[in-house]
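Please treat every number below as a calculation from the coordinates, not as lab data. This one's a predicted model, so the numbers in the text were calculated from it and none came from an experiment. Here Cβ is always computed from backbone atoms with ideal geometry, including for glycine, and neighbour counts include all displayed protein chains.
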Amino acid sequence: GDKAYVIGEGALTHELYKAGFTITDIDPDFVVVGETRNYNWTMIQMAARFIAGGARFIATNPDTHGPHMHPACGALCAPIERMTGKKPFYVGKPSAWIIRAALNHMSAHSENTLIIGDNLKTDILAGFQAGLETILVLTGVSQVQDIEKMPFRPQHIYNSVADIDLF
């Protein structure tokens, strides 16, 4: 099986292991970056070295930060991109691939599915690209004033998920 060097939480490592990957820091085929608060510059340097040496660069999402400016996956990828000149392949939102996979897994269709999220650049963009109805909640990353900066718009906006009445 393929070998992966992982910067991410235990759940990401576990899922890769279940998918048949060997988790290693010796000559990996892939560098996989996900959400984590447990990282250091040595890990970033190793990832960059592996990618510069030919490992493929995969990341779960391009989010730069979460609420309260906590660094997210995209922020961890940024120094690796700068050092290697290579961009990651994002397998999570806003990738159309992950939306299609989720719809197929649930036997759902885009015309009767909606996506709810707090980030215009990932959640709402993913819904827009997949043809889903979109709901932006204002309890996280994006705020009302951010909508004007985007070439797309959420269909609905709520202060929080508690305010959504779908029925």
Rg [Å, one decimal], Dmax [Å, integer] - the stretch 3-90, C-alpha atoms
12.0, 36
Fewest to most Cβ atoms within 10 Å: Phe152, Phe57 sort as Phe152, Phe57
Using +1 on the beta carbon of Lys and Arg, -1 on that of Asp and Glu, and nothing else charged, what's the dipole of the stretch 96-163 about the Cα centre, debye to 20?
200
Could you tally up the Lys pairs in the chain with alpha carbons closer than 24 Å? Skip any pair fewer than 8 positions apart unless they're on separate chains.
11
Could you work out how much longer the chain between His65 and Phe152 gets when fully extended? Use 0.36 nm per residue separation minus the Cα distance between them, nm to one decimal.
29.2 nm
Above 14 Å lies some portion of the pair distances; for the stretch 96-163, what is it as a whole percent of all C-alpha pairs?
54
What helices does the chain have that are whole DSSP H segments, at least 30 Å long along their own axis by Cα, and with mean Kyte-Doolittle hydropathy of 1.6 or more?
none
The chain: antiparallel DSSP beta bridges as a percent of all, rounded to 5:
5
Length-normalised contact order for the stretch 55-167 - Cα pairs under 8 Å, 6+ apart - percent:
20
Among Pro88, Ile7, Tyr17, which residue has its Cα furthest toward the positive end of the charge dipole of the stretch 3-90, with +1 on Lys/Arg Cβ and -1 on Asp/Glu Cβ?
Pro88
Per the rule of 0.36 nm per residue minus the C-alpha distance, extending Ala52 to Ser160 adds in nm 34.6 nm
Against the 2.2 N^0.38 Å scaling, with N counting residues, where does the stretch 15-167 land? I'd like the Cα-based Rg ratio to two decimal places.
1.16
Give me His109, His156 ranked fewest to most by other Cβ atoms within 10 Å of their Cβ, as a rough exposure proxy.
His109, His156
Relative contact order for the stretch 1-88: what percent, with Cα pairs under 8 Å and sequence separation of 6 or more?
26
Going by average Cβ neighbours within 10 Å, how do the peptides 41-49, 13-21 rank, with the highest at the top?
41-49, 13-21
Nearest 20 debye, what's the magnitude of the dipole of the chain about its Cα centre given +1 on Lys and Arg Cβ and -1 on Asp and Glu Cβ?
540
